[in-house]
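To start, the structure under review is shown below, and the notes come after it.
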Amino acid sequence: MDNALSEISAHPPTLSHGLDPALHPPQPGEFNPLEAYLLDGSRQCLRPPVDRFQHAWLAPMALSAAGNAYLSRRAARAADGGEELEPQRAAPAPGLSLGDGFTSGDYSLGLFHHDASEASIELLRHEAFREGAAGSLLCLLDCAAPSGLIHRIELTHKSREAEPSKPVMAAYALRIVQALGQEGPEWAERHRVLPRILAFLRYLELNYTGLHGLMLSHSALATGFDSDVLTAGLPDRSVEGPDTNAFMVLEYQAAAALSSLLGRERDAGELLERAERLTLLMERLLWYEDERGGMYVALRWQHGVGSLEAEVIGHRDPAGRFRPIESWTTLLPLYAGIPSPPRAARLVSRMLDPEGYWGPQGVRTAPADDVYFHQAPRVMLYDFKKNGRGPVSNWSGPVWVLSNYYMACGLARYGYQVEACELALKTARLLKKGLEQGGTLHECYNDAGQGLWPRNGTFMSWNVLALTLLREHWPASLQGGSQAG
């Protein structure tokens, strides 16, 4: 199983058909400045052990002034033997006296499970980042609840969220063990990685198995795709969506591979059986055919409803016809290898429609011809745990490097190599253009290539996957690039 849990070719295909003529092939070294910026920026995301975190760890962005002041104060307190500091030294850091800074776009003091996991796909290739990538997983495991619950966001002094991480932790652990080579199994045994991963999977099964037999998403925020229209605004633990279930299939497969590496073949076999069962349920219950070929939908269980179709999350169009709500997550099963080749072909056709998902900068997170599509920097979303609304990241139209990465992997898995290469090139040039024009990177972009959020352009995190895409599809474009050491 590859780091990306996909079947990507390392060699770009012949460009005799399919590639957008406006996209000229990359030149050797074209992306060297981008590579240097991403790797240097990722170094600035490394954090030392502090408070509850006993290992080096990774944040999604470089330290802000407020974050630096806070960590400096905590380090000084630790150096003083844990004693309270003098009042003048203990003054709150600017911007942190009332909150953690996330609302304003300062994520520099948070350990985000999804950011750390997916950034590691690239960062584990570089020796300089392995300690931080592995340490982030260990910090998340160390802060887990006795029930096995791994929280989706941790702060150095407390769990920020009571909600679970999404099912990407076994895949994360497997990447680390593979990256560590011969030392990997011993590292996993020493830190009790597999038992804690299996405890998390068991927690999800016990608490998030819906009444269709599929996995429930805790909330739109917990999916990691904050405003995704399949989940946003609906009560917690009420949606069985294609994204959570696709990741759960991959999680079972990764946990099986990890079990095999550690000599637990019986566990591996049982985990693969669970993956196969969940795949079958997705194919039987979530696939929905329409005039555009079909897609995977989301379900809400309702008492007394006698047909599966009546539980599909959707709306009525102006003509009164029922339409399932769709977003890029309805295509995400491609990444996990869920659909049969004929169904995959229908999904790919849907993805490649320029009036829908296939935009000039990559895959839009909602189709442009959909009534719910928009590319605002932020979205107001009701948060049930806070009993109020607040701003969240927009996954209802903007282009994200992460979703481009998942879709490129899905395209390549099913043999659409030219399209995967085009998406890889669009992604890298989107970031390259942002650096050339503003010297910064953002977490999402509009169709014009403008960075949307954070406004100060400090986001790093899984933007490093642009390098993974280049390496897998255009390796010559990084020739002579910077050394990560």
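Here, each number is a calculation from the coordinates, and none is a lab measurement. Remember, predicted model here, so these are calculated numbers, not experimental data. Backbone-built Cβ (ideal geometry, glycine too); neighbour counts: all protein chains shown.
Tabulated data
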| read-out | value |
| --- | --- |
| Inverse mean reciprocal Cα-Cα distance (Kirkwood Rh) of the range 196-316, Å | 15.3 Å |
| Residue pairs, from the table Lys166/Lys432; Lys166/Lys385; Lys166/Lys426; Lys166/Lys433, whose Cα atoms sit over 26 Å apart | Lys166/Lys432; Lys166/Lys426; Lys166/Lys433 |
| Difference of contour (0.36 nm per residue) and Cα-Cα distance, His374 to Ser72 | 104.7 nm |
| Residues His24, His315, His191 arranged by fewest to most Cβ contacts within 10 Å | His24, His315, His191 |
| Qualifying trypsin sites (Lys or Arg not before Pro) for the range 166-223 [loop in DSSP, other Cβ within 10 Å: at most 16] | Arg192 |
| Binned Cα-Cα distances of the range 315-448, short to long, each 5 Å bin given as a whole percent | 2, 10, 18, 20, 18, 15, 10, 6, 2, 0 |
| The range 201-261: C-alpha pair distances exceeding 18 Å, % | 36 percent |
| The range 301-342 pair-distance distribution - Cα-Cα, 5 Å bins, rounded % | 5, 17, 16, 19, 21, 14, 7, 0 |
| Directionally averaged projected area (convex hull, Cα atoms, the range 168-230), nm² | 5.4 nm² |
| Hydrodynamic radius of the range 391-437 per Kirkwood, over alpha carbon pairs, in Å | 11.6 Å |
| Convex hull volume of the range 135-216 per residue (C-alpha atoms, cubic angstrom) | 92 Å³ |
| Dipole-positive endmost among Ala76, Tyr372, Leu124 within the chain (Cβ charges, Cα centre) | Ala76 |
| Neighbour-count order for Cys421, Cys45, fewest beta carbons within 10 angstrom listed first | Cys45, Cys421 |
| Bins of 10 Å, starting at 0 and running to the largest distance - Cα pair percent for the chain | 4, 20, 32, 28, 13, 3, 0 |
| Cβ crowding within 10 Å averaged over residues, with 209-221, 439-451, 366-378, 111-123 ranked highest first | 111-123, 209-221, 439-451, 366-378 |
| Per residue Cα convex hull volume in Å³ - calculated over the range 260-379 | 186 Å³ |
